[in-house]
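The values are calculated or read from the model by the stated rules, or taken from the named source; none is laboratory data. Remember, it's a predicted structure, so these values are computed and weren't measured experimentally. Every residue, glycine as well, gets a Cβ built from its backbone with ideal geometry; the counts of neighbours run over all protein chains shown. The accessibility values were calculated without ligands, DNA or RNA, using every heavy atom of the protein model including side chains. Shrake-Rupley method; radii C 1.70, N 1.55, O 1.52, S 1.80 Å.
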Amino acid sequence: MCDAPSLWLCLALLPSAAAIAFAPATPRSVYAIPRLHVHASASSDAPRAEVYAAKDGRRVAVSGLQPKQQRGQEYVSVPPHEAPMPPSLAQRAKGPFMGLTLLTTAALAAWQSNRMYRQRQQALLDEFGETMVFHLGDLQEMGTTIKQYRTQLGPGVFKAPMFQSFLLALAKDVPIGIGSINAMSQVAIMMKLTEAMAATCLEGAAAQLQSQPSVLGKLTFTAERALPRPASLAKLRSRFPNWPLDTVTALQRAMLENLYRDTYCVRGEKADETTLKILGLSEADAARLEQEVKEKQAKAATEAAEKKAESERAQKLQDALERASTMKRMKTISTTGVKPDDDDAKDEPSEPIVTAASGTHEYECTNCGYVLFPAAGRESKFFGANFVCPQCGSGKDAFVDNGPVDVES
């Protein structure tokens, strides 16, 4: 693609450059100097002089010359002009070199102008795609954008590059869904694209996205539903360079199911027949996906409830351990009458030494080995019928009485 200014510049300079380049070198002009023959007469009566010039074979007489008196006849001649020197190599190359320089300068100027023109056109095309995505869904603004950028791009055929730029921006910036599918179909109608032209644009966009398989997958998913015939002609599923057709088919199916789950099933909604038709999903498959989502949600709720119950049991165990520790400290105070110092309490071993009161019994959990020492006479308060093991949650029936503890343990 070449712009008009650079083309006119080349056409204007080409004749002059060619004339300079191929003009023959002109040698210096040689002018023949006629040889003059001067004849003097010695007659005293009518002295005269005649000059004969060999010029075109004619005789020319010049009078009024008064030569010195001489005897006889005297001839004076002008020496002949020397032969001209041939032109040098530099002189012969000067013309072609100047022409070649002019042609090179014109070519460079045309190339630079053409490069700048291409950069400007590509920047406008990229901006067009981004602007169309920005106004996605607003048909009036999208139509105005198409007319505006078509005028800015100038003379030429830009319908296909404009649509291809829109496809790239749509695949990169817009997630798959009903909105992107409808937008692609609407823009193709607004730009009055034929199926063959749309297929060509899809092929060009897919070629640019081969290094980005995830984006190419989005383009394939949207195009197969918005432009099914052009997408089939473009063979988009075969455009993935390193993926077999079975892998591409499986990924496209996974994209469809994930879209339906996230858009409808998770929200508890159900798509209508039109939406299912656009997506290419049967009612049986939609019902299956809805049931899978419900089962998954129920399972997640059960797991959350179990996790909450486990957290509550852990908290109860922590509270029981704290109560047991407090009871042991209280027993020590009641037995010895000495309150342990805080610093000493920090250095207590994990199983502190407890001095049991007279008549205190030891109760041990048969499931986990947890040991309880309720104070004598106060078993109903600390070891009642509703008591559960703080460590494993077993009921009171799991505990056995190991007998009274009358010594330090």
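Miscellaneous remarks
- Per-region count, segment 233-253, residues farther than 16 Å from Ala206 by Cα and among the polar types (S, T, N, Q): 2
- Test result for Leu168, in contact (Cβ under 8 Å) with a residue 40 or more places away in the chain, surrounded by 19 or more Cβ atoms within 10 Å (Cβ to Cβ) and touching a helix residue (DSSP H, G or I) at 6+ places or on another chain (Cβ under 9 Å): yes
- For first residues located in segment 251-263 and touching a residue at least 12 places away in the same chain (Cβ under 8 Å), partners that are in a helix (DSSP H, G or I) and of a type in the set (S, T, N, Q) and lie 6+ apart or on another chain with Cβ distances below 8 Å form the pairs Gln252/Thr220.
- Which numbered condition Gln210 misses (of (1) part of a loop (DSSP other than H, G, I, E, B); (2) in contact with a Phe, Trp or Tyr (Cβ under 6 Å, 6 or more places away or on another chain)): (2)
- Subset of segment 372-381 (residues that are of a type outside the set (Lys, Arg) and either at pLDDT below 70 or buried (at least 17 other Cβ atoms within 10 Å of the Cβ) (or both)): Leu372, Phe373, Pro374, Ala375
- Hits in segment 233-246 (condition: farther than 15 Å from Gln210 by Cβ and surrounded by 12 or more Cβ atoms within 10 Å (Cβ to Cβ)): Leu233
- Residue tally, condition over 23 Å from the mean Cα position of the chain (by Cα) and part of a helix (DSSP H, G or I), over segment 121-141: 3
- In segment 197-218 there is at least one residue matching the filter, namely being open to solvent by 30 Å² or more (accessible area, probe 1.4 Å), within 30 Å of Arg288 (Cβ to Cβ) and of a type in the set (D, E, K, R).
- Considering segment 171-181, the residues that are open to solvent by 10 Å² or more (accessible area, probe 1.4 Å) and of a type in the set (Val, Ile, Thr) include one that is farthest from Leu259 (Cα to Cα), namely Val174.
- Segment 145-161, residues that are assigned to a helix (DSSP H, G or I) and more than 12 Å from Gly204 (Cβ to Cβ): Thr145, Ile146, Lys147, Gln148, Tyr149, Arg150, Thr151, Gln152, Leu153, Lys159
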